[in-house]
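The values are calculated or read from the model by the stated rules, or taken from the named source; none is laboratory data. All of these numbers come straight from a predicted model, not from anything done at the bench. A quick note on method: Cβ atoms are made from the backbone with ideal geometry, for glycine too, and the neighbour counts reach across all protein chains shown.
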Amino acid sequence: MQLNGKVALITGASEGIGAACAAEFARAGARLSLTARSEAGLRAASNAAGTADALLTPGDLTSAETRSAVVERTLERFGAVDILINNAGAGLYLPSWSAPLDEVRRLMELNFFALLGMTQLVVPHMRERRSGTIVNVGSIAGKVPLPWLTVYSASKYAVGALTEGLRMELRRDGVRTMIVCPGYVRTAFQQHARGGSPPAAMLNARRFRITAETCAAAIRRGVERDARTVVTPRTGWLFILAMRLFPGFVESRMAALHQST
Ligand SMILES: NC(=O)c1ccc[n+]([C@@H]2O[C@H](COP(=O)([O-])OP(=O)(O)OC[C@H]3O[C@@H](n4cnc5c(N)ncnc54)[C@H](OP(=O)(O)O)[C@@H]3O)[C@@H](O)[C@H]2O)c1
C-alpha cells in the first residue's frame with residue numbers, strides 16, 4: 001500500500017514505538033489518528049511528527065467507550081481508516097505460576113482484547129471499502145517464549161494467531177493483516193511493565209537494542225510492501241529458526257539466562 005494521503009490510526013502513540021510510527025507514517029504522507037491515555041504524550045508525538053491535522057483521542061483502550069470514540073472520531077474527521085496499527089501493549093515480568101490472575105487478565109485486556117476490540121470496529125468499514133491493512137504489534141516473544149515474560153509471550157502468541165487467522169478470514173475482502181515482531185527496542189517498556197523485572201542478562205543485552213525509529217521504519221516498509229510478517233531486527237529470524245530446529249537447546253539456553261536473575 002502506498003501511504004501518501006492514507007489514514008493511519010495508531011494506538012499507544014504517546015511514546016515509544018507508537019510515537020515513532022506516527023513520525024514515520026507522517027513523513028510518508030499519511031494522515032494520523034493517534035490514541036493513548038496521555039493527552040500530553042499524544043500532543044508531543046503529534047508535534048514531533050510535524051503534522052498539523054493529527055486527530056488526538058486520549059483514553060484507556062481497555063474501555064469499549066474509548067475504542068468506539070477513537071474509531072468514530074477518525075471516521076468523522078477523515079472518512080476512512082486505511083491502516084490500523086494496534087501497538088498499545090505492556091509487559092509483565094512475573095512468573096506465570098505465581099502471577100496474580102487479576103494482573104494476567106489486565107494484561108490480556110490490553111495486549112489482546114483491546115487489540116481485538118479495535119479490529120472488530122475497523123474491519124467492517126475496511127470490508128465495505130474492500131481495502132485496508134491491520135498491523136498488529138506482537139513481539140519476538142510471540143514466536144519464541146521468553147521465560148522471564150511467559151504471560152506476555154502468551155499474549156503475543158495470541159496476537160500472532162489472531163493476525164494470521166484474520167488474514168485467512170478476510171482473504172477475499174481486500175483487507176490485509178501484518179504481524180510485527182520486534183526484538184529488544186529502546187523504549188520505556190521495561191519501566192512500564194506491570195510487575196517484576198527482567199533478568200540481569202537482559203539488562204546486559206541492552207547493546208543489542210534497536211531504536212523505536214528503526215522499528216517504525218521496518219513497520220512502514222512492511223505496510224508499503226504488503227508484508228505478512230515483519231521481524232525487526234531481521235536477525236530475529238535466526239532466533240525463531242533456531243527455536244524451530246533445536247527447541248531443546250534453545251530452551252536450555254533461555255532457562256539458563258532466566259536463572260541468571
Ligand atoms: N520495547 C520493546 O522491547 C518491545 C519489544 C517487542 C514488542 N514490543 C511491543 O511494542 C508495543 C509498544 O511498546 P513500547 O516499547 O513502545 O512501549 P511503551 O514505550 O511503554 O509504550 C506503550 C504505549 O502504549 C500505551 N498504553 C499503555 N497502556 C494503555 C492503555 N491502557 N490504553 C491506551 N494506551 C495504553 C502507552 O501510552 P499511555 O501510557 O499514554 O497510555 C504508550 O503509548 C507493545 O505492544 C509492546 O508489547 C515492545
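Before moving on, here are some points about what is shown:
- Note on the stretch 142-261: enclosed helices (runs of 4 or more DSSP H) holding 1 or more residues that are at pLDDT 95 or above and surrounded by fewer than 20 Cβ atoms within 10 Å (Cβ to Cβ) are 150-169, 212-224, 236-245, 247-258.
- Number of positions in the stretch 105-124 that are farther than 18 Å from residue 181 by Cα, surrounded by fewer than 21 Cβ atoms within 10 Å (Cβ to Cβ) and either among the acidic types (Asp, Glu) or within 15 Å of the ligand (Cβ to nearest atom) (or both): 7
- When we screen 10, 17 for residues that are near the ligand (Cβ under 10 Å from one of its atoms), closer than 21 Å to residue 181 by Cβ and part of a helix (DSSP H, G or I), the only hit is 17.
- Lone qualifier among 101, 94 - being modelled with pLDDT of 95 or more, in contact with a strand residue (DSSP E or B) (Cβ under 7 Å, 6 or more places away or on another chain) and more than 25 Å from residue 9 (Cα to Cα): 94
- Candidates 77, 127, 73: the one that is over 21 Å from the mean Cα position of the chain (by Cα) and closer than 23 Å to residue 179 by Cβ is 127.
- The set of residues in the stretch 177-196 being more than 6 Å from the ligand (Cβ to nearest atom) and hydroxyl-bearing (Ser, Thr, Tyr) consists of 177 alone.
- Residue in the stretch 220-238 that is touching a strand residue (DSSP E or B) at 6+ places or on another chain (Cβ under 9 Å) and farther than 30 Å from residue 132 by Cα present: no
- Residue check, residue 20 under 30 Å from residue 146 (Cα atoms), in contact (Cβ under 8 Å) with a residue 12 or more places away in the chain and out of contact with any strand residue (DSSP E or B) (no Cβ under 6 Å at 6 or more places or on another chain): yes
- Residue check, residue 168 within 12 Å of the ligand (Cβ to nearest atom) and over 17 Å from the mean Cα position of the chain (by Cα): no
- Count - residues of the stretch 20-45 that are under 15 Å from the mean Cα position of the chain (by Cα) and near the ligand (Cβ under 7 Å from one of its atoms): 2
- A single entry from 73, 31 fulfils the requirement of being touching an Asp or Glu at 6+ places or on another chain (Cβ under 9 Å) and among the basic types (Lys, Arg): 31.
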